[in-house]
1. Phe47 - would you say it is within 12 Å of Val180 (Cα to Cα) and of a type in the set (Phe, Trp, Tyr)?
2. Please find, among Phe100, Phe75, the residue that is aromatic (Phe, Trp, Tyr), crowded, with 22+ Cβ neighbours inside 10 Å, in contact with a His (Cβ under 6 Å, 6 or more places away or on another chain) and at pLDDT 95 or above.
3. Just to be sure before I move on: is Val169 touching a helix residue (DSSP H, G or I) at 6+ places or on another chain (Cβ under 6 Å) and either hydrophobic (A, V, I, L, M, F, W, C) or modelled with pLDDT under 95 (or both) in the structure I sent?
4. Within segment 173-192, which residues are crowded, with 20+ Cβ neighbours inside 10 Å and of a type in the set (Val, Ile, Thr)?
5. Being of a type in the set (A, V, I, L, M, F, W, C), outside any strand (DSSP E or B) and either at pLDDT 95 or above or within 30 Å of Lys187 (Cα to Cα) (or both) is true for just one of Ala89, Ala142. Which residue is that?
6. Give me the pairs: first residue in segment 73-84 and under 14 Å from Ser116 (Cβ atoms), second residue in a loop (DSSP other than H, G, I, E, B) and at pLDDT 95 or above, beta-carbon distance under 7 Å, and six or more apart or on different chains, which are they?
7. Look at Leu90 and say whether it is hydrophobic (A, V, I, L, M, F, W, C), under 20 Å from Ala183 (Cα atoms) and in contact with a helix residue (DSSP H, G or I) (Cβ under 9 Å, 6 or more places away or on another chain).
8. From Ser95, Ser3, grab the single residue that is farther than 22 Å from Val160 by Cβ, exposed (fewer than 14 other Cβ atoms within 10 Å of the Cβ), at pLDDT below 95 and not aliphatic (A, V, I, L, M).
Amino acid sequence: MGSMNNWITDYIKTHKATLDSIPADGVAQLIEKLRVAHKEDRQVFVFGNGGSACNASHFATDLGKGSSDKLGKRFRVISLNDNVGWMTALGNDYSYADVFVGQLQNYGKAGDLVLSISVSGNSPNCVKALEWSKAHGLVTVALVGAKRGRMAEIADQTIVINDTHYGRVEDAQMGICHMVCYAFMEKPEIAK
């Protein structure tokens, strides 16, 4: 029992350091990008793989419902992870690297906002979607871990969590997603 308690205590200590690496300026810049997207009625696309896919869906829910409820005017936000039929058709007929870019080709327009979430920053489907978005004038943001990866080189803005542990980075990234949504819920005047 003692060794497990030590492991838990160490995990929490390291987790706090990971959370402390969240750059407040970067989160504020993301909130501003979302404020502009909301004001200009732009589409917001969010996506990732595995735990990051779940974070993308959670973020779209909180921004699309919770934040929108407080502002009156709705955010036009969608998680590209949530249409399983379309994702599997794209993955089967083309490749898994096309599951996000294939959807963006139908919906994405210059000025829309793309938020891609990955711990490694090298997920081929996220990289390909960011490359397409950048080439077509969409505003691109990447949430990544300490390895940064190719996504950090492509995105207009990169928010780096200074850790490589998947669980801790995903927790911190979800923390950023919650901060962004609650900024609009608790300070709705920022949207004016």
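1. Working: within 12 Å of Val180 (Cα to Cα): no; of a type in the set (Phe, Trp, Tyr): yes.
No, not satisfied.
2. Phe75
3. When the stated conditions are applied, Val169 does not pass them.
4. Ile176, Val180
5. Ala89
6. Every condition considered, the pairs that remain are Leu80/Phe100.
7. Considered against the rule, which asks whether it is hydrophobic (A, V, I, L, M, F, W, C), under 20 Å from Ala183 (Cα atoms) and in contact with a helix residue (DSSP H, G or I) (Cβ under 9 Å, 6 or more places away or on another chain), Leu90 comes out as no.
8. Numbers: Ser95 fails: at pLDDT below 95.
Of Ser95, Ser3, the one residue that is farther than 22 Å from Val160 by Cβ, exposed (fewer than 14 other Cβ atoms within 10 Å of the Cβ), at pLDDT below 95 and not aliphatic (A, V, I, L, M) is Ser3.
The values are calculated or read from the model by the stated rules, or taken from the named source; none is laboratory data. In this text the structure is predicted, and so the values were computed from the model without any measurement. As a convention, Cβ positions derive from the backbone with ideal geometry for all residues, glycine included, and neighbour counts pool all protein chains shown.
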